[in-house]
Amino acid sequence: MLESAEEIKRWCVSRRREVLADSRIKKDVLAIIKRVEEGRDQALRELAHELDGVTLKDIGIDVHESPDWKDDPLYRSLQELAARIREVSKSQHPGNELILRFNGYDICIRYFPYKKIGIYVPGGKEGYPSTLLMCAIPARVAGVREIIVCTPKPTRGIMMASHIAGIPRIYTLGGAQAIAAMAMGTLSVPRVEKIVGPGNVYVTEAKLALRDQVLIDMPAGPSEMVILADTTSNPEYIALDLLAQAEHGLGGMCLCISTSAPMARRVERGLAKYLKRLENPPRWLRSNIALGVVKDIDSAVELINELAPEHVGIMCADAETISRKIVNAGTVCIGKHSAAAFTDYSSGLNHVLPTGGYAKIRGGLSVFDFLRQVQYLHVTDPSPLVTSGIEIARAERFLFHETSMKKRKGRR
């Protein structure tokens with residue numbers, strides 16, 4: 001049990017430090033990128049064999065609809081998830097243009113989709129069709145026409161999700177080499193303008209290393225969850241939500257912050273109960289989880305905003321009011337029934353979210369990740385703009401700025 005805010009912060013720092021790329025990983029990733037740059041498809045085949053024990057005959061495989069999909073509950077569920085993601089994404093879209101009319105001039109802001117984007121879908125246990133939809137559907141709503149998908153596990157679910165998203169071909173590549181292939185292009189894999197999607201430390205490091213060649217979304221690493229609890233909370237729900245996020249894999253940061261030590265102990269008993277039901281639970285599953293106690297709700301809120309975690313669960317009294325105070329988070333789940341797993345699989349909210357404190361500077365994946373903005377100015381009467389513009393230009397000592405504006409004075 002972590003018994004103070006300082007202990008909680010130290011634990012979180014240690015968890016996040018574990019998933020940072022060390023010098024060896026960075027060196028390995030740079031070596032992989034260089035091999036792909038020099039050897040292209042041949043290097044991809046060699047790396048697949050060396051790193052994953054896979055013999056790649058075809059780097060790309062076509063997606064064909066199976067006749068039995070229509071009766072498959074997974075296919076129907078993925079269709080339902082895609083529809084919800086689509087609705088959320090449509091609500092985010094700013095439209096094709098925004099026009100503001102002022103005295104003497106108009107401003108127009110137009111939005112254009114990227115032409116070609118790349119999606120990385122991690123392999124995990126059985127692949128992540130939900131992640132493919134989370135990335136592809138907002139891109140489609142934004143107007144992206146060509147989507148390149150790389151995944152080391154083209155499972156049945158991945159094929160279903162690809163078909164639903166209108167993606168005719170996927171590439172059976174994983175790790176840093178997949179990112180390098182999409183960033184630089186090979187004979188088989190098209191070069192893209194932007195790469196999105198979560199991944200392990202090698203994938204994240206490759207995205208960061210190639211930022212000068214391709215746009216990226218964000219570092220989206222191991223899952224993070226912080227749940228705020230008090231005496232009114234349901235300890236079983238908390239235990240399950242912590243385990244749900246912890247089971248994503250190594251390096252997770254899943255934390256319950258409680259204002260009540262007895263509640264924290266009840267959560268601990270809940271964790272033990274569910275872990276006992278597993279035949280051979282991996283050791284890292286429990287090590288991804290910690291329980292901490294703070295003196296009051298305000299202290300907990302302050303700590304959460306400082307940590308800026310991927311997911312926040314508000315499972316205490318007055319959850320709606322408290323949620324408005326959480327300003328640094330990927331997704332905030334309000335109330336005992338708002339399981340974070342709903343955001344992963346069925347609500348339509350995007351589950352590609354910033355980790356490692358990046359929620360302080362950006363939100364989760366959205367339509368805006370696939371749009372670029374162009375500004376337009378049309379001046380018909382310069383008079384309203386000249387005086388203030390000249391004063392500012394003089395203050396900054398830019399002579400030709402001043403002269404350029406002055407020459408327009410009084411002209412229509």
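The values are calculated or read from the model by the stated rules, or taken from the named source; none is laboratory data. Please read all numbers here as calculations on a predicted model, not as lab measurements. Heads up, the Cβs are rebuilt from the backbone with ideal geometry, glycines too, and the neighbour counts pull from every protein chain shown.
Within region 137-166, the set of residues being closer than 26 Å to LEU250 by Cα and hydrophobic (A, V, I, L, M, F, W, C) comprises VAL149, CYS150, ILE158, ALA161. Does region 286-299 contain any residue that is without any contact (Cβ under 8 Å) to a residue 12 or more places away in the chain and closer than 21 Å to VAL13 by Cβ? Yes, region 286-299 has at least one match. Within region 351-372, which residues are outside any helix (DSSP H, G or I), buried (at least 19 other Cβ atoms within 10 Å of the Cβ) and in contact (Cβ under 8 Å) with a residue 60 or more places away in the chain? The answer is HIS351, VAL352, LEU353, PRO354, THR355, GLY356, LEU365, SER366, LEU371.
If I filter region 94-101 for residues that are in contact (Cβ under 8 Å) with a residue 40 or more places away in the chain, in the same structural domain as PRO122 (by TED's automatic domain parsing) and within 25 Å of the chain's Cα centre (by Cα), do I get at least one hit? Yes - at least one qualifying residue is present in region 94-101. Taken together, GLY348, GLY292, GLY313, GLY270 contain a single residue that is part of a loop (DSSP other than H, G, I, E, B) and not assigned by TED's automatic domain parsing to the domain that holds ASN96, which is GLY348. Of the residues making up region 26-44, none is β-branched (Val, Ile, Thr) and surrounded by fewer than 17 Cβ atoms within 10 Å (Cβ to Cβ). At least 1 residues being polar (S, T, N, Q) and either at pLDDT below 95 or touching a Gly at 6+ places or on another chain (Cβ under 8 Å) (or both) is the threshold, and among the helices (runs of 4 or more DSSP H) wholly inside region 151-254 those reaching it are 201-209, 235-246.
The residues on offer are ILE117, ILE99, and the sole one that is farther than 14 Å from ASN350 by Cα, modelled with pLDDT of 95 or more and touching a strand residue (DSSP E or B) at 6+ places or on another chain (Cβ under 7 Å) is ILE117.
Tell me, yes or no, whether region 43-61 has at least one residue that is on the phi > 0 side of the Ramachandran plot and either in contact (Cβ under 8 Å) with a residue 40 or more places away in the chain or assigned by TED's automatic domain parsing to the domain that holds LEU133 (or both). Scanning region 43-61, I find at least one residue that is on the phi > 0 side of the Ramachandran plot and either in contact (Cβ under 8 Å) with a residue 40 or more places away in the chain or assigned by TED's automatic domain parsing to the domain that holds LEU133 (or both), so the answer is yes. Filtered by the rule that a residue be under 18 Å from ILE107 (Cα atoms), exposed (fewer than 15 other Cβ atoms within 10 Å of the Cβ) and without any contact (Cβ under 8 Å) to a residue 60 or more places away in the chain, region 373-407 gives a lone residue, SER388. Applying a threshold of 9 Å to beta carbon distances and a minimum spacing of six or more residues, or different chains, the list of pairs starting in region 17-38 at a residue that is within 16 Å of ALA183 (Cβ to Cβ) and ending at one that is in a helix (DSSP H, G or I) and of a type in the set (Phe, Trp, Tyr) reads VAL29/TYR202; ILE32/TYR202.
Considering ALA21, ALA31, the condition of being assigned to a helix (DSSP H, G or I) and at negative phi is satisfied by ALA31 alone. Quick check, is GLY104 over 23 Å from GLY199 (Cα atoms), of a type outside the set (Val, Ile, Thr), in the same structural domain as ALA183 (by TED's automatic domain parsing) and without any contact (Cβ under 8 Å) to a residue 24 or more places away in the chain? No, not satisfied.
This table checks each residue for (1) over 16 Å from the mean Cα position of the chain (by Cα); (2) over 21 Å from VAL88 (Cβ atoms).
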| position | (1), (2) |
| --- | --- |
| ASN103 | yes, yes |
| TYR114 | yes, no |
| PRO122 | no, yes |
| GLY127 | yes, yes |
| LEU132 | no, no |
| ALA136 | no, no |
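Could you list, ordered by first residue, the pairs with Cβ atoms under 7 Å in which the first is in region 238-255 and under 12 Å from ALA339 (Cα atoms) and the second is at pLDDT below 95 and not in a helix (DSSP H, G or I), at least 6 apart or interchain? Here the result reads GLN245/SER223; GLN245/GLY252, each pair linking region 238-255 to a residue that is at pLDDT below 95 and not in a helix (DSSP H, G or I).
For region 107-114, the criterion of being assigned to a loop (DSSP other than H, G, I, E, B), in contact (Cβ under 8 Å) with a residue 60 or more places away in the chain and over 17 Å from VAL214 (Cα atoms) is met by no residue.
Within region 146-168, residues that are over 15 Å from CYS135 (Cβ atoms) reach partners that are among the small types (Gly, Ala, Ser) with beta carbons closer than 7 Å, at six or more positions or on different chains, in the pairs PRO152/GLY123; PRO152/GLY174; LYS153/GLY123; LYS153/GLY127; THR155/GLY127.
Candidates GLY143, GLY127: the one that is modelled with pLDDT of 95 or more, assigned by TED's automatic domain parsing to the domain that holds ILE61, within 28 Å of TRP69 (Cα to Cα) and out of contact with any Cys (no Cβ under 9 Å at 6 or more places or on another chain) is GLY143.
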